[in-house]
Amino acid sequence: MFQGQCGWFSSSVSRDLRQFWVAEGGTISDPRAADFLFSCDASHPDTLRIYQSLDYIEDNATVFHACYLSAVAKAEMKNSVALGHFILPPACLQQHDEV
Amino acid sequence: ATDTDNSSKMLKYRCSGCIAVGISLNSRNFSKLLHSCPYQCDRHKVIVEAEDRYKSELRKSLICNKKILLTPRRRQRLSNES
Ligand SMILES: [Zn+2]
């Protein structure tokens, strides 16, 4: 499923999800080279660094909640999980999302 | 609006952030996809607006930082020239 994709994982993401990514063919890289940015904690310092990066300001970096990977793992059709439902915005904005 | 209203609206307007699946999407292109979608659902609209506000604040503070960083260097250059 993730063949040829580079992912960056915040240290807030569990090892299991990282292993799932690798088992599905993904590789792990630093945040600048990654196609996918995964975190479980928007206020973790390594994730905060992404929110303050130029990539993020210029709309070139969306952080996704690593729950996406567990949803993919559980889904019968792995391709049917909408990535867009797993956006992880900066912690200071998150109270606005609970609409 | 009720839940059924919302979900039928979502189907009708097809928010790109909600219908897009598969590996063609990633952290690099998602934000642009959402910005270019004319039919954002309520949830994605809220996220995009909040993130855009945050990004413009950050942009402003980056410009301020740059000015602060540049000033002493320029001062040094001026004193070297004299
Ligand atoms: Zn949506």
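Laboratory data are not the source of any read-out in this text; all were calculated from the coordinates shown. Since we're looking at a predicted model, the values are computed, not measured. Here Cβ is always computed from backbone atoms with ideal geometry, including for glycine, and neighbour counts include all displayed protein chains.
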Has the range A:44-57 got at least one residue that is more than 8 Å from chain B (Cβ to nearest Cβ) and within 16 Å of the ligand (Cβ to nearest atom)? no
Which of the residues spanning the range B:25-59 are more than 8 Å from every other protein chain (Cβ to nearest Cβ) and either surrounded by 13 or more Cβ atoms within 10 Å (Cβ to Cβ) or touching a Phe, Trp or Tyr at 6+ places or on another chain (Cβ under 6 Å) (or both)? B:Asn29, B:Leu33, B:Cys37, B:Tyr39, B:Gln40, B:Cys41, B:Lys45, B:Val48, B:Glu49, B:Asp52
Which of the residues spanning the range A:1-34 are over 11 Å from the mean Cα position of the chain (by Cα), of a type outside the set (S, T, N, Q) and part of a loop (DSSP other than H, G, I, E, B)? A:Met1, A:Phe2, A:Gly4, A:Glu24, A:Gly25, A:Gly26, A:Asp30, A:Arg32, A:Ala33
Taking the range A:78-96 and keeping only residues that are hydrophobic (A, V, I, L, M, F, W, C) and closer than 20 Å to A:Arg18 by Cα, one is left with A:Val81, A:Ala82, A:Leu83, A:Phe86, A:Ile87, A:Leu88
